[in-house]
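To keep things clear, I will list the structure first and then write my remarks on it.
Readers should treat all values here as calculations from the given coordinates under stated rules, not as data from a laboratory. Remember, predicted model here, so these are calculated numbers, not experimental data. Positions of Cβ are backbone-derived with ideal geometry, glycine not excepted, and every protein chain shown enters the neighbour counts.
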Amino acid sequence: MMQLGRHISGQFNAELESIRTHLLTMGGLVEQQLSYAMHALHKDDIELARKVVRDDHKVNAMEVSIDEACTRIIAKRQPTAKDLRLIMSIIKTITDLERIGDVATKMAYITIESSTVKERTFQAALEPLCRSAIEMLHQVLDAFARMDLEAAVRIYKLDDKLDNEVESVIASLTTSMIEDSDNIPNILTVMWSARAIERIGDRCQNICEYIIYFVKGKDVRHIDEHTIDEAVED
């Protein structure tokens, strides 16, 4: 577990630990939503897809609650230095988590809306992409729990692998559109889903950047990922 700095106020310590714990709970829910959405799409499970849609409000509510807690701490405690970096990292991370939750919900809607589509072969291409995205999200949440700089740098680089997997699927689907014009609407929907999954990797990269910002006090946004190691060196 990440060790937060000690403060004269024990209540301040408790408040910081509370919002960090709530963020990780939110992250676990988003990971579950994404896993359910993938399973629903792959198994054509309409009821599970509807559950994902119904539970989206829980993710949204957690984002609002954590954001409000962070705002109260800033107003009440006027944190500085590393404490302020932690709170800012949490505020930014919950935004990315909420947007990943939105992707899960949209994928669930696709399952519901395409339940009458006879040809569902193309949807199978999304499963390995989704598994890669879920694993990346799981790893980055674990890194955030420990504020693990080395893990953040390593996970940041995993986005290349996911991007390549997505591009491979897109290329295959493009060929399928040429060969099977009757299924173009269905294929385009699957393409959109693949791009949405790709953006999950980008969101995970963002969270890696917030970890680096907390630990090192450096803003590494927009830095070439091939030079990320140099960027975090002392």
Cβ-Cβ under 8 Å pairs, at least 6 apart or on other chains, the range 128-154 side assigned to a helix (DSSP H, G or I), far side surrounded by 23 or more Cβ atoms within 10 Å (Cβ to Cβ) and among the aromatic types (Phe, Trp, Tyr): PHE144/TYR210
Selection count, the range 73-88, where residues are free of Cβ contacts under 8 Å to residues at least 12 places away in the same chain, in a helix (DSSP H, G or I) and not small (Gly, Ala, Ser): 2
Residue satisfying all of: in the range 191-234; among the basic types (Lys, Arg) and more than 13 Å from the chain's Cα centre (by Cα); nearest to LEU126 (Cα to Cα) among these: ARG195
Residue that is surrounded by the most Cβ atoms within 10 Å (Cβ to Cβ) [pool: residues in the range 10-63 that are without any contact (Cβ under 8 Å) to a residue 12 or more places away in the chain and more than 28 Å from MET107 (Cα to Cα)]: ASN13
Number of positions in the range 74-104 that are under 25 Å from VAL140 (Cα atoms) and either buried (at least 21 other Cβ atoms within 10 Å of the Cβ) or among the charged types (D, E, K, R) (or both): 19
Of all residues making up the range 63-80, the number that are under 12 Å from ARG20 (Cα atoms) and of a type in the set (A, V, I, L, M, F, W, C): 3
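Could you check the range 155-173 and list, in sequence order, the residues that are out of contact with any Pro (no Cβ under 9 Å at 6 or more places or on another chain), assigned to a helix (DSSP H, G or I) and in contact (Cβ under 8 Å) with a residue 12 or more places away in the chain?
ILE155, TYR156, LYS157, ASP159, ASP160, LYS161, LEU162, ASP163, VAL166, ILE170, SER172, LEU173
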Residue match in the range 135-150 (condition: over 30 Å from GLU47 (Cα atoms), more than 14 Å from the chain's Cα centre (by Cα) and buried (at least 20 other Cβ atoms within 10 Å of the Cβ)): yes
Pair list, Cβ under 8 Å, 6 or more apart: the range 174-202 residue within 30 Å of LYS157 (Cβ to Cβ), other residue acidic (Asp, Glu): GLU198/ASP163; GLY201/ASP159; GLY201/ASP163; ASP202/ASP159
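Given the criteria closer than 22 Å to LEU84 by Cα and without any contact (Cβ under 8 Å) to a residue 24 or more places away in the chain, does ASP219 qualify?
Working: closer than 22 Å to LEU84 by Cα: yes; without any contact (Cβ under 8 Å) to a residue 24 or more places away in the chain: yes.
The answer is yes for ASP219.
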